[in-house]
1. Three principal axis extents, largest first, for the C-alpha atoms of the stretch 16-119, in Å?
2. Could you tell me what a quarter of the Cα convex hull surface of the stretch 62-135 works out to, in nm² with one decimal place?
3. Taking 7 Å along the Cα-to-C-beta vector as the label spot, tell me the SER92-HIS112 distance in nanometres, rounded to one decimal.
4. Based on Cβ point charges of +1 for Lys and Arg and -1 for Asp and Glu, what charge dipole magnitude is obtained for the stretch 16-119 about its Cα centre, in debye rounded to the nearest 20?
5. Could I have the simple spin-label model distance between ASP130 and ARG85, label points 7 Å from Cα toward Cβ, reported in nm to one decimal?
6. If each residue's Cβ is checked for other Cβ atoms within 10 Å, how do ARG78, ARG43 rank with the fewest at the top?
Amino acid sequence: MAESDSERSDGEQPDIDDLVGDISPPFDHVLSCVFGVRDHESRTYLTLLDYPGSTVSELADALDRDRSNVNRSLSTLREKGLIERRRRLLDSGGYVYQYTAVPVPEAKQMLHEALDEWVEGVHESISRFDPDNTE
């Protein structure tokens, strides 16, 4: 998978401040900034859109990353509500987890809500600002 245009050379996690001044950021960069996830986690989400129901092994192959790193990305994405996990029983016994990205319209709605909340907070900060009282 190709490196994202939003990949930061310093290896730091992008944040909302990285969006300010960029009038047309790519979707994966917006996803990273708004949800506070790393670029490789955004790539994992985008890959799951193409491969719904994937296992960790299948994703590791698709992303050309090791399973432990993919597993950590999946945990983060689950915490953010961007993916769902389902347990599938194996014929041979045991089970495997399969992961699916939430649909793009749902992710977009989550992004809009998070950005609206952030913008509201910024507007409140501006309104409360008093240069005579900087405490």
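1. The principal-axis extents, from largest down, are 53, 24, 19 Å.
2. 8.7
3. Between SER92 and HIS112, the simple spin-label model gives 4.6 nm.
4. Dipole about the Cα centre, nearest 20: 540 debye.
5. Placing both labels 7 Å along Cα→Cβ, they lie 4.9 nm apart.
6. Least to most surrounded, the residues fall as ARG78, ARG43.
We did not get these values from a lab; they are worked out from the coordinates using the rules stated. None of these values were measured; they are calculated from a predicted model. All Cβ positions, even for glycine, are placed from backbone atoms using ideal geometry, and neighbour counts span all protein chains on display.
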